[in-house]
Amino acid sequence: MNDTVALVTGAARGIGLATANLFHAEGKRVVMLDRDGEELANAAATLPGALAIICDVSIPQQVAQAVAEVEQTCGRLDILVNNAGVADFGPLAETDFARWRRVMETNLDGVFLMSQACLPHLSVRGGAIINIASISGLRASTLRIAYGTSKAAVIHLTKQQAAELGEFGIRANCVCPGPVGTKLALAVHSPEIRAAYHDAIPLNRYGTEREIADVICFLASDRASYVTGQVVASDGGFDATGVGLPALRGSS
Ligand code: NAD
């Protein structure tokens, strides 16, 4: 194990767990943070040496406690992956303020709070922040009034971080995953949405957790040492395209 410490939020399952797995395989010390204690304990048991911390990223006191525990236990922090997120698809008329806040408090407030709390530890030796947004933050669609807006804000927050933190040697980048068949996506992707994604994606399929984790770990690595303020869509080409894909498929 090398001495690099990587903290991943929402690490109990899905993209966060795949990212924790990959950091672990690279020999990094992994800190896994999630609000779901049971699932977190099961996931952490598969990664020897991982530090698991139960924490809700939307609650400032819990965030402060969690980051203090990282400092006490690991003595350093090099990489922060703000991955914890919730999805709630609904139209504007049915999104009451409580529903809007539930999405914003994890997807946007959580990224802000975690980054701010980790900053003093990251700034000691530079480091990397990777924020997980979504293609829903790049292109608007139906039912994503709260989710899409929260993710668009994460994209801009990343650029603000890059602008402000570069002088401390801290890089900040954003990954926008396309659809991945995780618990989060399965809860909101109806068969119609699933079919529409297949039609709209040049690679004609969902991505895997590992394909997103690979991009995250690249941006966290020294191989991306001159990359900051960037938004990388790992989306099978979704963001690049417009109308006409299904009609053209097979004809070229
Ligand atoms: P997931 O539901 O499988 O995992 C999310 C994890 O985050 C869960 O373990 C959950 O307990 C944790 N979490 C949620 N709110 C939290 C909070 N307030 N504090 C601490 N932990 C919290 O979801 P996933 O698909 O792996 O999503 C990971 C990230 O990727 C999210 O930010 C999501 O918006 C984004 N994303 C996912 C997809 C997709 O299709 N799966 C597409 C685009 C973007």
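The values are calculated or read from the model by the stated rules, or taken from the named source; none is laboratory data. Being a predicted model, the structure only gives us computed values, none of them experimental. Every residue, glycine among them, receives a Cβ derived from its backbone with ideal geometry; neighbour counts consider all protein chains shown. Accessible surface areas use protein heavy atoms only, side chains included; no ligands, DNA or RNA. Shrake-Rupley method; radii C 1.70, N 1.55, O 1.52, S 1.80 Å.
Run the accessible area of the range 138-219 with a 1.4 Å probe and give the carbon-and-sulfur part as a rounded percent. Please report the intermediate quantities before stating the final value.
Working: 2260 of 3830 Å².
On the range 138-219, the fraction of accessible area on carbon and sulfur atoms equals 59 percent.
Quick check on packing: order 85-93, 202-210 by the mean number of other C-beta atoms within 10 Å, highest mean leading.
On the way: 85-93: 16.9, 202-210: 15.3.
Per-residue Cβ counts within 10 Å, averaged per peptide and sorted highest first, yield 85-93, 202-210.
Can you list the lysines whose alpha carbon is less than 17 Å from that of Lys159, not counting same-chain residues fewer than 8 positions off?
Hits, sequence-local ones excluded: Lys151.
Taking a spot 7 Å from the Cα of Lys159 along the direction of its beta carbon, which residues of the range 106-132 have an amide N less than 16 Å from it?
131
Given R₀ = 25 Å, FRET efficiency for Leu203-Val243 by Cβ-Cβ distance, to 0.05? Can you show the working numbers first?
Details: r = 17 Å, r/R0 = 0.69.
Approximately 0.90, to the nearest 0.05.
Need the list of aspartates and glutamates near Lys28 for cross-linking: C-alpha distance under 17 angstrom, and skip anything on the same chain fewer than eight residues off.
Answer for Lys28, where 17 Å is the Cα cut-off: Asp3, Glu71, Asp78, Asp214, Asp222, listed by chain and number.
Where in the chain are the helices, taken as whole DSSP H runs, whose Cα atoms extend 15 angstrom or more along the long axis and whose Kyte-Doolittle mean reaches at least -0.5? Spell out each step's value before the answer.
Details: long enough: 14-25 (17 Å, 1.01); 60-74 (21 Å, -0.19); 110-122 (18 Å, 1.16); 145-165 (29 Å, 0.21); 209-220 (16 Å, 0.91).
Passing helices, by number: 14-25, 60-74, 110-122, 145-165, 209-220.
Could you work out how far the C-alpha centroid of the range 192-215 sits from that of the range 118-181, in angstrom?
20
So, in nm, how far is label Gln230 from label Glu39 when the simple model puts each one 7 Å beyond its Cα toward the Cβ?
Going from the Gln230 label point to the Glu39 one covers 3.0 nm.
Before I look further, what does the chain give for accessible area per residue, probe 1.4 Å, in whole square angstrom?
Values: 11610 Å² over 252 residues.
Here the residues of the chain average 46 Å² of exposed surface.
Counting pairs of alpha carbon atoms under 8 Å apart in space and at least six apart in sequence, what relative contact order in percent does the range 20-133 give?
Relative contact order for the range 20-133 comes out at 26 percent.
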